1. Could you figure out which of (1) surrounded by fewer than 22 Cβ atoms within 10 Å (Cβ to Cβ); (2) in contact with a Leu (Cβ under 8 Å, 6 or more places away or on another chain); (3) modelled with pLDDT under 95; (4) not charged (D, E, K, R) isn't true of N71?
2. Considering (1) of a type outside the set (F, W, Y); (2) open to solvent by 40 Å² or more (accessible area, probe 1.4 Å); (3) outside any loop (DSSP other than H, G, I, E, B), say which one V129 fails and leave the rest.
3. Sort out which residues of the range 100-126 are assigned to a loop (DSSP other than H, G, I, E, B) and polar (S, T, N, Q), and write them in order of number.
4. Does any residue of the range 52-66 turn out to be at positive phi and either free of Cβ contacts under 8 Å to residues at least 12 places away in the same chain or part of a loop (DSSP other than H, G, I, E, B) (or both)?
5. Among the helices (runs of 4 or more DSSP H) contained in the range 179-254, which hold 2 or more residues that are modelled with pLDDT under 80?
Amino acid sequence: MKQIGLALSGGGARGFAHLGVLKVIDELNIKISAISGTSAGALFGSMYAAGYKPDEILKIGKAAKLFNFPNILFGKSGFFNTQGFEETITRYIPDNSFEKLKIPFTAVATDIVNNKTVYLNSGELAKSVAASACIPLVFEPIHLNETYLLDGGILNQLPIEPLLENDNRIIGVHVNSMSDKIEDLHMKDMLDRSFHCALGQSVYSKTHACDIFIEPPGMSRFGMFDFNKADEIFEYAYQYASSIRAEIESIKFV
């Protein structure tokens, strides 16, 4: 019998949408056998793999202090260090180990020295998740395994590859869809759109490999750093996933 793997994209604050989708997956009693996540998908995916429910992760994510003043760096290769990510993981997953998770999990990062995607699924969990979420220039790169790692979404925004090894049925969730309704473009909007237009090509080339591909529409209404809109993002994705419940549930019968 085939098992069900879950691939979660990056997206910054839009990652709260993953939790809305996961709530519907839970309501449909779909059992996930493996998870692969990039950036925000790695942060929230690791917590789901540890056994936390989507509503619990939402509260944790809202309370997390990822951009605190003590984390600001001066004269470094990023504005912040990743202490907030690491502290969040170690506080709520004190074993801090991939091997102790209830669901097998892979964090996806980019080796910026050797220009390749790396898949992290053993050893220290917190540092691996932090590496996966290292948005370029925003966070200082993580030194791990004798190289420097940044956000996995640079090269792999929908990390289905670790899930293909065991012939899983795959649910892919992408939370960076662009709206075509724009009244005005500000600089931050152009940077956001340019970034995700470039990354989006690799996402859509993989949708054929997903048994179910979930992409809440018009997610660009939320900015990558709109963490104050966590509840709204969560509810928007939950309502969208609820509207396609039958399609999502069909994964059990593929």
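The values are calculated or read from the model by the stated rules, or taken from the named source; none is laboratory data. From a predicted model like this one, the values you see are computed outputs, not experimental measurements. Note: ideal-geometry Cβ built from the backbone for every residue, glycine included; neighbour counts use all protein chains shown. Please note that ligands, DNA and RNA were not included when accessible areas were found on the heavy atoms of the full protein model with its side chains. Shrake-Rupley method; radii C 1.70, N 1.55, O 1.52, S 1.80 Å.
1. (2)
2. Failed condition: (2).
3. Hits for the range 100-126 are N114, N115, N121, S122.
4. no
5. Correct list: 187-204.
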